[in-house]
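The values are calculated or read from the model by the stated rules, or taken from the named source; none is laboratory data. Small disclaimer: the values here were computed from a predicted structure and weren't measured. Don't worry about glycine lacking a Cβ; one is built from the backbone with ideal geometry, like all the others, and counts go over all protein chains shown.
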Amino acid sequence: MKISVIGSGNVATHFARAMYQRGHSIDQVWSRSLAHAQLLADKVEAEPINDFSQLRLQSAVFIMAISDDALHEVAPILHLGDALVLHTSGATSIEVLHSTSSRYGVLWSPQTFIRDVALNYSELPFCIEGNTLQTENDIEELIGGVSDHIYHTNQEQRRYLHLTAVMVNNFTNCLYGMAQQLCDEHGVPFEILYPIITTTAQKVQLGDVRYQMTGPAIRKDEKTLDAHRALLADDPQLLKLYNELTHLIQNRMEVK
């Protein structure tokens, strides 16, 4: 199947590679920067373009892997007939594409994409939505060659998935960053924490995470909690966060 990709960033790069690896032909890659379009086009044997007037309408699928702001700007000015047009946003309504094509939908994966970090696409979950049942079936057929982990989700479900993806990824990364800074400041190798980070991530697949909490907060070990607070006395912002998370653990988690 012939596919064109609008965008050249992290998501566009991985989606283009995934489709290319499954034998699809990538026709064109559009980016505002021709140099950026060229970088991705070279990886998938496509033509790089930076002007929508150069966009050929012969592709069966157009994947719009651009920012939400750019999506709202670009979608209304493209008219792609009966081609299957997909955006890759978890937070944007399917209806942003209603004037772009008669067949439109969403192909979104709740994953953190970094351009040069390889992923096993067959393990990725993909959330799909189509403007009609037939369109949704077409999207499933398209991505079915890439991954078996396909979920039919509506806009409301996708919004909550996007929120929770931010929580489990960005929020935890922020905590990792603050922990690493504390380790650096006190001459402790952060790598010592790698095993507990890995184990904690693996445990979420074993059952309800609300019953897997360990540590001083869930035990209500006030002596240890106070000792931790003393260590954070010179960082009011981090101390406040520590207290708020401790409160959440004690009031919303459960001891099994």
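Tabulated data
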| read-out | value |
| --- | --- |
| Extreme residue, farthest from the chain's Cα centre (by Cα), among residues of segment 140-157 that are of a type in the set (Gly, Ala, Ser) and either farther than 24 Å from Arg22 by Cα or in a loop (DSSP other than H, G, I, E, B) (or both) | Gly145 |
| Subset of segment 43-68 (residues that are within 24 Å of the chain's Cα centre (by Cα) and more than 19 Å from Ile143 (Cα to Cα)) | Lys43, Ser67, Asp68 |
| Residue in segment 48-79 that is surrounded by the most Cβ atoms within 10 Å (Cβ to Cβ), counting only those that are outside any loop (DSSP other than H, G, I, E, B) and of a type outside the set (A, V, I, L, M, F, W, C) | Pro48 |
| All positions within segment 97-121 that are at pLDDT below 95 and among the β-branched types (Val, Ile, Thr) | Thr112, Ile114, Val117 |
| Qualifying residue in segment 204-212 (condition: at pLDDT 95 or above and either of a type in the set (A, V, I, L, M) or in contact with a strand residue (DSSP E or B) (Cβ under 6 Å, 6 or more places away or on another chain) (or both)) | no |
| Of the criteria (1) modelled with pLDDT under 95; (2) out of contact with any helix residue (DSSP H, G or I) (no Cβ under 7 Å at 6 or more places or on another chain); (3) under 26 Å from Ile114 (Cα atoms), which one Gln181 fails | (1) |
| Residue within segment 155-176 that is in contact with a helix residue (DSSP H, G or I) (Cβ under 9 Å, 6 or more places away or on another chain) and of a type in the set (Asp, Glu) present | no |
| Filter pass, Ser122 being in contact (Cβ under 8 Å) with a residue 24 or more places away in the chain, in a loop (DSSP other than H, G, I, E, B), in the same structural domain as Leu40 (by TED's automatic domain parsing) and over 13 Å from the mean Cα position of the chain (by Cα) | no |
| Counted residues, segment 17-47 - those being assigned to a strand (DSSP E or B) and closer than 25 Å to Ser122 by Cα | 5 |
| Test result for Asp82, among the charged types (D, E, K, R), part of a strand (DSSP E or B) and assigned by TED's automatic domain parsing to the domain that holds Ser147 | no |
| In segment 121-136, residue surrounded by the fewest Cβ atoms within 10 Å (Cβ to Cβ) [restricted to those that are in contact with a Gly (Cβ under 8 Å, 6 or more places away or on another chain) and within 19 Å of Met1 (Cα to Cα)] | Glu136 |
| Search result, residues across segment 232-242 that are surrounded by fewer than 14 Cβ atoms within 10 Å (Cβ to Cβ) and either outside the structural domain of Ala179 (by TED's automatic domain parsing) or in a helix (DSSP H, G or I) (or both) | Pro236, Gln237, Lys240 |
| Residue satisfying condition, being at pLDDT 95 or above, surrounded by 21 or more Cβ atoms within 10 Å (Cβ to Cβ) and in contact with a Phe, Trp or Tyr (Cβ under 8 Å, 6 or more places away or on another chain), within set Ile94, Ile139, Ile143 | Ile143 |
| Those residues of segment 158-213 which are surrounded by 11 or more Cβ atoms within 10 Å (Cβ to Cβ) and outside any helix (DSSP H, G or I), in sequence order | Val188, Gln212, Met213 |
